[in-house]
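In what follows, a structure is listed as structure tokens, so that the remarks can point back to it.
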Amino acid sequence: MSKNRVLEQQIAVFGEGGSGKTVLVSSFYGAAQEPDFVRNSRFHVVADGQSQGHRLHQNYLEMRDEGQPPIATRFASTSYSFSIKLRAELEVEAKSAKSAKFQALRLVWHDYPGEWFEQGVSGPEESERRVETFRSLLGSDVAFLLVDGQRLSDHAGDEERYLRSLFTNFRNSLLSVRDDLLSNGKPLVDFPRIWVLALSKSDLLPNWDVITFRDLLIRKAADEIDNLRSVLAGFVADGQLLSLGEDFLLLSSAKFEPQKIEVSRRVGLDLVLPLAAVLPLQYHLRWANTTKVSTEVLKSLVDSLGGISALLGMIKKVPLPLKVLKGPLGGILSLALPPIADLATQLPRKKVEELVANASSRHDYIGAVRADFINDLNDGIEKQVFFRSLA
């Protein structure tokens, strides 16, 4: 497959040691290898590195068949690359219909070592490794900051003690790498701008929905979240184009019981891929309409809009050159990108079903996958697993 038929989306996953990052990515990949998923999904999830795919699948199978979770990693920085490809028979039909510029999405999942939040580095070599690790994920649009459900359960009634420590440690960790990341103090154009607060191990709090989680964070740690947002804004050019504490997600890799792990009882993992594809579209469209955006950041937003929308089958490219995009962009973008505003927001189920049927009839399977993504996000909202910004 030629490179111009693959669009890469990156996510960064942050969480303290033991918060479940390795289990999450193993469950994400392993569930996509199950026969039911392979048979019924419009796409396959393929690990770009065979040995890495085998390791993740092994982790999943040991959970499923032996009730054994993966061995916890310490100070291990790993990036996992997955290609999301149309099923072979669908790709043949899609190519014959010449229905889309992009036929695959590459998802790069960056796992940032949690120990660097909780303790200092051991010396100059580890300090440099920490900075390089952070640099590797600067191309991510979406970052997930994990709140550990086990730690919340352990601090029942005194949750603010854990939450304030979590957000403060993360803020201080960012400050410790700031000078190394910013060349001459110049803010970064490429930096994660969308930060989703996610409750890992949510199976340990079965009576919670995403609203319960959101309300607890705001009630117990609003000041710490605001302080963290201020630090993040200091990293990025046009710091007002940043979202933290607006989107919330429940995550669970499986239902863990003594001597048994029910991997089929997952929460929120099916939303990771739709969120990576759709959430940047929603935010970048909103931000591109902001009146005061630097040219450099505007170019980044418009490029992202064009690439993501092309992948999702909305338009083939942004039809206007950047030099046309001056001043307030609301009117211009509404003409250039008319389908995006509707498809970046929640649609009624009947409308989504119509999109799927119409796309399938045209052999536009990328369009059908796009509608599936929107449908998945709608389901997550209805089931109160995902809360999306109302702004």
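The values are calculated or read from the model by the stated rules, or taken from the named source; none is laboratory data. Since the structure is predicted, the reported quantities are computational estimates derived from the model, not experimental observations. Cβ: placed from backbone, ideal geometry, glycine included. Neighbour counts: every protein chain shown. Note: accessible area is taken over every heavy atom of the protein model, side chains too, but ligands, DNA and RNA are not part of it. Shrake-Rupley method; radii C 1.70, N 1.55, O 1.52, S 1.80 Å.
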Can you tell me how many residues within region 180-215 are part of a helix (DSSP H, G or I), over 21 Å from the mean Cα position of the chain (by Cα) and in contact (Cβ under 8 Å) with a residue 24 or more places away in the chain? 3
The conditions are (1) open to solvent by 60 Å² or more (accessible area, probe 1.4 Å); (2) out of contact with any His (no Cβ under 8 Å at 6 or more places or on another chain), and ARG161 fails exactly one of them. Which is it? (2)
Go through region 77-90 and count every residue that is open to solvent by 30 Å² or more (accessible area, probe 1.4 Å) and at pLDDT below 65. 2
Suppose we filter region 152-174 for residues that are without any contact (Cβ under 8 Å) to a residue 24 or more places away in the chain and assigned to a helix (DSSP H, G or I); how many remain? 5
What do you reckon, is VAL177 open to solvent by less than 10 Å² (accessible area, probe 1.4 Å) and outside any helix (DSSP H, G or I)? no
Kindly check whether there is at least one residue in region 108-129 that is more than 17 Å from the chain's Cα centre (by Cα), buried (at least 19 other Cβ atoms within 10 Å of the Cβ) and among the charged types (D, E, K, R). no
Those residues of region 92-147 which are within 22 Å of PHE28 (Cβ to Cβ) and at pLDDT below 70, in sequence order: PHE102, GLN103, ALA104
Please tell me if PHE248 is touching a residue at least 12 places away in the same chain (Cβ under 8 Å), outside any helix (DSSP H, G or I), in contact with a helix residue (DSSP H, G or I) (Cβ under 7 Å, 6 or more places away or on another chain) and open to solvent by 30 Å² or more (accessible area, probe 1.4 Å). no
Of all residues in region 136-153, how many are open to solvent by 60 Å² or more (accessible area, probe 1.4 Å) and more than 20 Å from GLU224 (Cα to Cα)? 1
Listed residues ILE211, ILE261, ILE218; which is open to solvent by 50 Å² or more (accessible area, probe 1.4 Å), β-branched (Val, Ile, Thr) and out of contact with any Leu (no Cβ under 9 Å at 6 or more places or on another chain)? ILE218
When you check VAL210 against the structure, is it modelled with pLDDT of 90 or more, in contact with a helix residue (DSSP H, G or I) (Cβ under 9 Å, 6 or more places away or on another chain) and of a type in the set (Val, Ile, Thr), yes or no? yes
